[in-house]
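For reference, the structure is listed below as structure tokens.
The values are calculated or read from the model by the stated rules, or taken from the named source; none is laboratory data. Keep in mind that what you see is a predicted model, and the values were worked out from it rather than measured. Glycine also receives a Cβ, built like all others from the backbone with ideal geometry; neighbour counts cover every protein chain displayed.
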Amino acid sequence: MTAGINPVVRDTLAIAFGACPPACRECVKACEHQRSLARIVALDLPEAPFHGAVTCLQCSEPACRDACPTGAIAQDEKGVTRLDSGRCVGCGACAIACEWGGINFDFAAARAFKCDTCDGRPACAAACPTGVLRWVESAALMRQYREPDLFTRGASLCPGCVAELGFRMAFRVIGEDAIVFAAPGCACALANGFGDKATTRLPAVMCLMTNGPSIMTGVARRLRQIGKQTRCVAFIGDGATADVGFQPLSGAAERGEPIVYICYDNEGYMNTGVQRSATTTAGARTMTTPVGPHLKGKTQAPKEVPLLMAFHGAAYVATASIAYPEDFAAKLKRALASNDGLAYVHLYAPCYVGWESPMDSVVEISRRAVETRMFPLWEADHGRFRITHPIARPRPVGDFTRLLGRFRHLGPAELDALGRQAEDRYRRIEALSAAMPLAEEHPRQ
Amino acid sequence: MNPTLRHVIVGAGTAGIAAAEAIRKTPEAASITLISAESDAPYSPTVLPHLLAERISQRAVALRSAEFFDDIRCRLLLGRSVSALDADRRAVRLDDDSQIDFDRLLLAVGSEPLTPALDNPDGVRCLSFTRMTDLHDLRARLAPGCRVAVLGAGLIGMELAEALAGLGRGLQVLVVEQEQQVLPRTFNQEIAGEVLALFRAHGVRFQLGLRAVALEKAGGAVTLTLSDQRSHVADLVIGCVGVKPRVSWLAGSGIALGRGIAVDARMATNVAGVYAAGDAAEGPAADGSAGLNPVLPTAAAQGRIAGANMAGRSVQHDGWVPANFFNFFGRVAVSVGDNSAGPARSTVDRKANGGRGQLFFEGERLVGASFLGVPTDPGALSLLIRRRTPVREYAELLAQRPLEASRWLAARLQRGN
Ligand SMILES: Cc1cc2nc3c(=O)[nH]c(=O)nc-3n(C[C@H](O)[C@H](O)[C@H](O)COP(=O)(O)OP(=O)(O)OC[C@H]3O[C@@H](n4cnc5c(N)ncnc54)[C@H](O)[C@@H]3O)c2cc1C
């Protein structure tokens, strides 16, 4: 039972870390009610000050299970790690092995115990009055889109690259009836192959940085002529999208070409050594916006390409983040469904090399960008707007910049300015959503 | 990668099983053979005191079910002892002289008890307590009213003494320890003193600061002489003076040996394709030194790392931190990191909530912590110590509310705040 499961594919108790109101113990009470001894612990530390909750995160490779000397801890077929207290000897090895606060100890009975997600209906999340605890049912969706992976293993992108994750994910959702269009940039390695080896099972067209949407226009029109449903889908970086390639994209949107254009935005020219692009965040250090006595990173604010696309009256425009895969998948579905014009999806794609962060940090960076309002998640359908993941209480922008070496030089004043830019960005979308709301929610796929 | 890569794992304990599972987690097809010298279903020696104390039944201690090994397509060879390694021909030899070829080999053979250095002219049987056979032996001899002398007040000796004391049946338990305190190197004197009082209150007698020097037959019983030349009568003597890696059979095999099998952070030995993990391995500690840390969490982590690397991934162990968890007579004692007071160190020592907590800092950094009778989170504390986290400003909070504060600080660290 342990061997076959893919633990990544599971539902999750999402906890907004440290977002609890002081002295709220509703989750603990609910858990006690359900299980007598609470498996979730309220970290109510006014001294810190900090107010949050922790419980087991249901690790994909649970260290507690590996350390248990009696096999009392096992992962079930849904990826939930369960502790059979009848087999527990109370040795505490699990509590040492777990560095995430997931194991609790019953002193009276000398047994360890832990969260089992109430079999997929966690009482704590149901009782949470603030939305800090949420039960996220992504398993079904992730399972649905796990196969087929239309690209081979071992691409030459950096391990942990969002462009690669996003590319693979996008075509799992889009499916095989598509032609990929790529342009020079990091991710084109997935479409191009290496040497004489193909890396994709899809037909792929390698464009120039300046003509992707033009080539797509011709191919899409011909496909229509001959009555084919095959979709033309671009997966192209921000340099080719926002800088030299913007004119043909703008033209295709204005003409209403029925193509899907996904821009992965890593905010620069990463495969040529990290030069700034039009979408690079203000203040960021790049090769061409260095930090020294005269310059302190990029001085201009980023070009907001998704908004510009929405103002073309494009059939569908959305921003997406790899940290919110359900949202990304749903938006891809809507992009495919809108056949009456250009659909544009802007995928936030942190580059840990260029942004100066650890290899395994890109998902967290993506999440923080959303939580700090640096990168709002929204969609627009023919010029009508909707925020798809509202952020009621944004985290301070420092929680985001702290993760990235390229912002290390920013002082409090610059951070404030960056925070204001994020606020403006979010408010702009909020105002548009209020003034021109995208009323009815699209049916979920 | 070669689809028929043969993985052979010697030792079916915590480290060996974690490795087998990690190998199977990778997408590569490979064969896995797991060998144990014992014929018992794979178990951990950690369960011995709990079996003795009858806290758990023999049926409930298998590390994994029989189906598990089928599920991960792992061939399990029980009761087969590996006697030699031929690194050049890439084969291990079993006790019946048969050979098993390997492409990748893991040495997860665990440890064996150190023999107490004693003058023992009559060849008195000194038991040990590290394998299932030892438990059977002990049970067979443990008559009601038995006088038991436990040599050594380390982790194993204290767990054994606690189990014996809880059995009742008129057993009389004496623990001899050459240091001035119980659990030396795990706790400092103050907390060790409280543990000692707890044991005494449960009728266990101690002789501290004395070594056992001689054993002699005295009728049906044994006379145990200590370094103060005084004698004690016992019916059973059990040596718990420590364990050492089970590596003597590897001498001359070409595998580099220190105190254990020398491995790097990938758990690789000096011989390509041969790895070691668990009690047998001398691997990196979090502070960069290399050493032995014969406990479960380390065996599990090292096994997982070894298995992943054997199957072609490249992962490194971030180093072990000493950590121990005890439950003595219903009172939990936890020790993490280095609990010694040095000149460059500051200590916070608090009695709170009916228990006691001690924190050891070097500058701003937490380097050690121990708690007795207070809920805490040893995993969170390990993380703070491993990552050399500056948390001195929260010392008071950590001492007063160790569970919540350590979890908060660890969670903050995990989330990069
Ligand atoms: C009494 C006692 C109590 C303990 N309590 C705790 C505790 O509370 N917490 C804690 O963290 N740790 C505790 N430990 C330590 C813990 O049990 C060990 O650290 C852990 O079991 C080591 O795992 P391992 O996989 O390295 O070795 P083991 O689990 O010992 O497995 C070794 C395996 O190797 C096999 N083997 C050995 N030689 C050969 C050979 N030549 N050929 C084939 N097979 C061979 C054995 O049969 C066995 O299957 C305790 C140990 C003892 C003895």
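Laid out as a table, the results:
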{"item": "Residue in region B:231-247 that is surrounded by fewer than 23 Cβ atoms within 10 Å (Cβ to Cβ), among the hydroxyl-bearing types (Ser, Thr, Tyr) and in contact (Cβ under 8 Å) with a residue 12 or more places away in the chain present", "result": "no"}
{"item": "Wholly within region B:270-361, strands (runs of 3 or more DSSP E) carrying at least 1 residues that are within 16 Å of the ligand (Cβ to nearest atom)", "result": "B:274-276, B:281-284, B:323-328, B:331-337"}
{"item": "Unique match (being in contact with a Pro (Cβ under 9 Å, 6 or more places away or on another chain) and more than 10 Å from chain A (Cβ to nearest Cβ)) among B:ALA369, B:ALA395", "result": "B:ALA369"}
{"item": "Number of positions in region B:68-98 that are of a type in the set (Lys, Arg) and more than 26 Å from B:ALA29 (Cβ to Cβ)", "result": "1"}
{"item": "Top-ranked residue in region B:67-80 [being surrounded by fewer than 16 Cβ atoms within 10 Å (Cβ to Cβ) and within 24 Å of B:PRO245 (Cβ to Cβ); ranked as nearest to the other protein chains (Cβ to nearest Cβ)]", "result": "B:LEU78"}
{"item": "Whichever residue in region B:372-390 is more than 11 Å from chain A (Cβ to nearest Cβ) and in a loop (DSSP other than H, G, I, E, B) and, among such residues, is surrounded by the fewest Cβ atoms within 10 Å (Cβ to Cβ)", "result": "B:ARG388"}
{"item": "Matching residues, region A:389-409, being more than 12 Å from chain B (Cβ to nearest Cβ) and either out of contact with any strand residue (DSSP E or B) (no Cβ under 9 Å at 6 or more places or on another chain) or modelled with pLDDT of 95 or more (or both)", "result": "A:PRO390, A:ILE391, A:ALA392, A:ARG393, A:PRO394, A:VAL397, A:GLY405, A:ARG406, A:PHE407, A:ARG408, A:HIS409"}
{"item": "Condition check for A:VAL353: under 18 Å from A:THR280 (Cα atoms), surrounded by fewer than 22 Cβ atoms within 10 Å (Cβ to Cβ) and out of contact with any Ser or Thr (no Cβ under 7 Å at 6 or more places or on another chain)", "result": "yes"}
{"item": "Region B:127-171, residues that are of a type in the set (Lys, Arg) and under 23 Å from B:PRO245 (Cα atoms)", "result": "B:ARG131"}
{"item": "Residue list for region B:367-417, filter: more than 15 Å from B:ARG350 (Cβ to Cβ), in contact (Cβ under 8 Å) with a residue 24 or more places away in the chain and of a type in the set (S, T, N, Q)", "result": "B:SER382, B:THR389, B:GLN414"}
{"item": "Output for region A:74-102, where each listed residue is β-branched (Val, Ile, Thr) and either farther than 24 Å from B:ALA411 by Cβ or within 14 Å of the ligand (Cβ to nearest atom) (or both)", "result": "A:VAL89, A:ILE96"}
{"item": "Residue satisfying all of: in region B:275-289; in contact (Cβ under 8 Å) with a residue 12 or more places away in the chain and more than 25 Å from A:PRO69 (Cα to Cα); surrounded by the fewest Cβ atoms within 10 Å (Cβ to Cβ) among these", "result": "B:GLY288"}
{"item": "Of all residues in region B:151-179 being part of a loop (DSSP other than H, G, I, E, B) and more than 14 Å from the ligand (Cβ to nearest atom), the one that is farthest from the other protein chains (Cβ to nearest Cβ)", "result": "B:GLN178"}
{"item": "Selection from region B:2-54 of residues that are free of Cβ contacts under 8 Å to residues at least 40 places away in the same chain and within 22 Å of B:VAL315 (Cβ to Cβ)", "result": "B:PRO3, B:PRO27, B:ALA29"}
{"item": "Elements of type strands (runs of 3 or more DSSP E) in region A:24-140, at least 1 residues being without any contact (Cβ under 8 Å) to a residue 12 or more places away in the chain", "result": "A:41-45"}
{"item": "B:LEU292 among the aliphatic types (A, V, I, L, M), in contact with a His (Cβ under 6 Å, 6 or more places away or on another chain), buried (at least 17 other Cβ atoms within 10 Å of the Cβ) and closer than 29 Å to B:ASP134 by Cα", "result": "no"}
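This table checks each residue for (1) modelled with pLDDT under 95; (2) within 25 Å of the chain's Cα centre (by Cα); (3) under 21 Å from B:GLU159 (Cα atoms); (4) more than 8 Å from the ligand (Cβ to nearest atom).
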position: B:PRO45; (1), (2), (3), (4): no, yes, yes, no
position: B:ALA62; (1), (2), (3), (4): no, yes, yes, yes
position: B:PHE69; (1), (2), (3), (4): no, yes, no, yes
position: B:ARG73; (1), (2), (3), (4): yes, no, no, yes
position: B:LEU76; (1), (2), (3), (4): no, yes, no, yes
position: B:SER83; (1), (2), (3), (4): no, yes, no, no
position: B:VAL92; (1), (2), (3), (4): no, no, no, yes
position: B:ASP103; (1), (2), (3), (4): no, no, no, yes
